Amino acid sequence: MNSLLYLLPILFPFGAALFVLLAKPKREALFCCVSAGLTVGSVALLMGVHGAWEYRLSDTLVLLLCADRLSLFFLLLISVASLVTVICSCEYLHDAQRRHIFFGFLFLTLSAMMGIALAGNLVTFYMFFELMTLFSFPLILYQKGQRSARAGMVYLGFSVFGACLVLLGLFLGGELTLRPFGTPTAATYDSPQLWAYLLIALGFSCKAGMMPLSNWLPTAHPEAPSPASALLSGIITKTGILGILRTTYFLFGASALQGTFPQTVLLALSITTIFSGSMLAYKEQMLKKRLAFSSVSQISYAIFGLALMTPAGLCAALFQVFFHACAKLGLFMCAGNYLHYDNAHRVEDLVGVGRRMPGVTAAFTCFSLSLIGIPPFGGFVTKWLLAAAALAEGGLLPQLGVVILMVSALLTAGYLLPIISRAYFPGKDLVFPRHDAHLPMLGSLAFLVVLSAMLGLFPAPLEQFFRSVAAAIF
């Protein structure tokens with residue numbers, strides 16, 4: 001019975017995807033919403049399950065699924081975010097002729113992400129990670145055209161390169177990389193094993209958008225449909241974070257990696273990415289591309305926290321994963337509404353949009369405040385915990401990281417607050433016909449806003465849960 005529960009979150013969306021692609025149901029939007037909701041329910045069934053499920057491919061190669069606290073957190077995050085994405089996609093793709101293709105590959109991607117969250121060793125994680133790339137690739141190509149094809153190939157190229165780095169690290173790591181997560185044994189590692197760790201971490205960082213492997217984000221986002229962009233930035237990038245987290249804390253062991261050159265490289269690259277991504281977003285005038293560069297910067301906050309390799313750093317990184325997912329899902333959904341109803345591609349097109357689309361713009365404002373780090377939204381809690389963890393760790397790079405976090409917050413305010421200001425105060429007399437989004441879209445945006453605000457005001461339950469995750473590791 002337990003083995004069925006482990007497989008249910010993977011097989012259920014996979015079966016829903018095949019049904020949508022092959023049967024093309026007439027009420028596909030309703031079917032997809034119900035399927036996404038049932039996927040959330042299948043995750044809830046796993047809450048009381050402990051242990052693992054395995055399938056042996058050979059004497060040494062084992063496909064392993066497990067349901068620890070970290071798995072359950074990512075399962076809930078992925079499934080709820082996917083439900084929101086499906087609901088918003090129904091409105092965004094209302095008149096599309098081929099939307100069954102979009103929904104089909106969205107559910108296939110969801111199935112692979114569920115496998116990633118449940119993976120119990122690096123081999124299983126890598127298998128589902130590759131499947132996720134293949135299943136999400138058609139989402140970028142959905143709108144067709146030469147630019148979409150180019151964006152899809154850039155996404156695929158970077159993803160394959162990152163996967164090759166991980167595969168090379170698997171070969172260098174040898175027997176170590178076949179172990180189940182949670183069994184680091186070495187007090188120190190030799191040079192090949194440290195290089196193996198660094199290659200694996202860099203490979204996963206490609207999906208997380210860390211420089212120098214981040215160019216796929218600003219290339220793919222402007223061409224992908226906005227629900228696909230929301231999924232890419234809000235959730236798919238977090239699978240890269242999970243890969244680094246599992247490898248660092250559950251496989252190699254943070255205590256054995258502290259003070260080594262891979263830690264220095266990750267800290268340096270994450271700090272560089274935080275600053276560079278913010279600068280590029282500040283200069284960018286295309287709305288979705290600005291949000292993509294913002295993701296490059298903001299996701300590296302989590303990598304910076306993980307690279308500290310301390311319980312406080314891990315806790316702060318998980319906070320960033322959660323609140324960034326809420327904010328970026330919402331921001332890209334708002335951007336999709338601006339494109340769909342107002343044909344607004346550039347930042348200057350949003351002048352007066354606060355009066356034309358008040359509900360969507362109110363949500364955009366809240367998500368922006370969270371991303372900047374302004375109370376009561378959760379982004380403030382994240383930045384506070386990251387800075388505290390870095391200062392407690394000491395050292396040149398962690399302390400430099402605190403300075404860059406502050407500079408990045410100012411730059412984030414610089415590229416988001418002017419949009420809000422011009423949206424509500426256009427500075428000239430214009431006619432503003434109202435054409436706000438429909439109720440399901442506004443309801444989804446309101447849910448994300450309330451979630452970010454409530455857990456930003458009362459972060460204690462979330463912090464207690466993340467500290468229990470860290471306590472099980474250290």
Would you pick out the residues in the stretch 238-276 that are within 16 Å of the chain's Cα centre (by Cα) and not polar (S, T, N, Q)? 238, 240, 241, 242, 243, 244, 245, 246, 274
Give the stretch 246-272 a look and list any residue that's under 17 Å from residue 166 (Cβ atoms) and open to solvent by 10 Å² or more (accessible area, probe 1.4 Å), or say none. 250, 265, 269
Residue 346 vs (1) touching a residue at least 40 places away in the same chain (Cβ under 8 Å); (2) over 25 Å from residue 283 (Cα atoms); (3) open to solvent by 10 Å² or more (accessible area, probe 1.4 Å): all pass except (2)
Name the residues in the stretch 162-211 that are in contact (Cβ under 8 Å) with a residue 12 or more places away in the chain, open to solvent by 60 Å² or more (accessible area, probe 1.4 Å) and over 24 Å from residue 65 (Cα atoms), would you? 187, 188, 192, 195
Out of curiosity, is residue 279 surrounded by fewer than 23 Cβ atoms within 10 Å (Cβ to Cβ), in contact with a His (Cβ under 9 Å, 6 or more places away or on another chain) and more than 29 Å from residue 79 (Cβ to Cβ)? no
Any chance you could count how many residues in the stretch 106-144 are over 19 Å from the mean Cα position of the chain (by Cα), touching a residue at least 40 places away in the same chain (Cβ under 8 Å) and open to solvent by 40 Å² or more (accessible area, probe 1.4 Å)? 1
Any residue in the stretch 463-472 that is in contact (Cβ under 8 Å) with a residue 12 or more places away in the chain, open to solvent by less than 60 Å² (accessible area, probe 1.4 Å), not in a helix (DSSP H, G or I) and not charged (D, E, K, R)? no
Take the stretch 56-91 and flag every residue that is of a type in the set (Asp, Glu) and modelled with pLDDT of 80 or more. 68
Within the stretch 349-375, can you find the residues that are touching a residue at least 60 places away in the same chain (Cβ under 8 Å), open to solvent by less than 10 Å² (accessible area, probe 1.4 Å) and more than 21 Å from residue 433 (Cβ to Cβ)? 367, 370, 371
With the first residue restricted to the stretch 13-24 and required to be hydrophobic (A, V, I, L, M, F, W, C), and the second required to be outside any helix (DSSP H, G or I), Cβ contacts under 8 Å at 6 or more apart or on different chains are 19/25
With the structure loaded, tell me whether residue 332 is closer than 30 Å to residue 353 by Cα, touching a residue at least 12 places away in the same chain (Cβ under 8 Å), open to solvent by 10 Å² or more (accessible area, probe 1.4 Å) and over 12 Å from the mean Cα position of the chain (by Cα) or whether it fails that test. no
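The values are calculated or read from the model by the stated rules, or taken from the named source; none is laboratory data. None of these values were measured; they are calculated from a predicted model. Every residue, glycine as well, gets a Cβ built from its backbone with ideal geometry; the counts of neighbours run over all protein chains shown. Surface areas here come from the heavy atoms of the whole protein model, side chains and all, with no ligands, DNA or RNA. Shrake-Rupley method; radii C 1.70, N 1.55, O 1.52, S 1.80 Å.
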